[in-house]
Amino acid sequence: MSQVFVNIALSLDGYMAPEGMTLAHWDTADYKDWGAKWGAMMGWLLKQRYFRENHGFGAGGEIGAVNDMVRRTMERTGANIMGKRMFEQGEASWPEEAPFHTPVFVLTHEKREPWVRPGGTTFFFVNDGAESALAQARAAAGDRDVRISGGADVVQQYLNLGVVDALEIALAPVMFGGGRRLFENVREPLPQFKVDHVLAGPDATHVRYVRT
Ligand SMILES: NC(=O)c1ccc[n+]([C@@H]2O[C@H](COP(=O)([O-])OP(=O)(O)OC[C@H]3O[C@@H](n4cnc5c(N)ncnc54)[C@H](OP(=O)(O)O)[C@@H]3O)[C@@H](O)[C@H]2O)c1
């Protein structure tokens, strides 16, 4: 049966994005050092061959258990859901062939026609809430899974709806000291998880938690 999963990277002190990483400072990565902090959290991913090929970064890159995990995550995903702030940063930086290759449902108050990219990614802009976006994503995903891609605001909404079957976190040993914190605004009844799988690497520990 199709699952709903979150798959994100997290700083050791619990942030999904460093302070200063906003569209307003997109071209000044030295602002509050956000570029270096983001790169340190994502370093493990940027090295993986599958990720590099999917983002048009060229040949080469690591192969192995982490690369396999990145590929499996993409292959199991039949639809993505993301927030407007994640989308607008991606719009400014993804290659023309956006790296999702599925329908993507963008939660936003902005009204906008679907944005079709080459390579199978179409962004649909959803104005009627998280539950509607999930219903549309489930229908689009078919037998495959629905990935809640981020950012923090959107992940929190799905945790509060109690629909997250698996929470996959790449915990990187880097401190941000501020930014977009993952675990805030999470309300009772709190979702409960148990550890399902751990993959340790030098740049991140990959933990998969599943709902109990
Ligand atoms: N660490 C990771 O793995 C990871 C993954 C993904 C993203 N990120 C980072 O996370 C940051 C963004 O996270 P964020 O928490 O600031 O923002 P976000 O979750 O990406 O987007 C929040 C915005 O989406 C819209 N939205 C959300 N829920 C809505 C709803 N129910 N109805 C209508 N609109 C809704 C609102 O924008 P409007 O009102 O303007 O439409 C809201 O301000 C970025 O820096 C991104 O790069 C990190």
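Only one of the numbered conditions (1) away from the ligand (no atom under 15 Å from the Cβ); (2) out of contact with any Ser or Thr (no Cβ under 8 Å at 6 or more places or on another chain) is violated by Ala137, and that is (1). Beta carbons closer than 6 Å, at least 6 apart along the sequence or on distinct chains, pair a first residue in region 64-81 that is farther than 21 Å from Thr205 by Cβ with a second that is among the hydroxyl-bearing types (Ser, Thr, Tyr) and crowded, with 21+ Cβ neighbours inside 10 Å for Asn80/Ser149.
Of the helices (runs of 4 or more DSSP H) entirely within region 1-119, those holding at least 1 residues that are of a type in the set (Asp, Glu) and over 30 Å from Arg211 (Cα atoms) occupy 49-54, 84-91. At least 1 residues being within 11 Å of the ligand (Cβ to nearest atom), in contact (Cβ under 8 Å) with a residue 12 or more places away in the chain and among the charged types (D, E, K, R) is the threshold, and among the strands (runs of 3 or more DSSP E) wholly inside region 143-212 those reaching it are 145-150, 166-172, 179-181.
Evaluating Met86 against the criteria (1) within 16 Å of the ligand (Cβ to nearest atom); (2) more than 24 Å from Ile169 (Cα to Cα) leaves one unmet condition, (2). For region 61-78, a residue qualifies if it is among the aliphatic types (A, V, I, L, M) and over 17 Å from the mean Cα position of the chain (by Cα), and the qualifying residues are Ile63, Ala65.
No lab work stands behind these numbers, since they all come straight from the coordinates. Since we're looking at a predicted model, the values are computed, not measured. Note: ideal-geometry Cβ built from the backbone for every residue, glycine included; neighbour counts use all protein chains shown.
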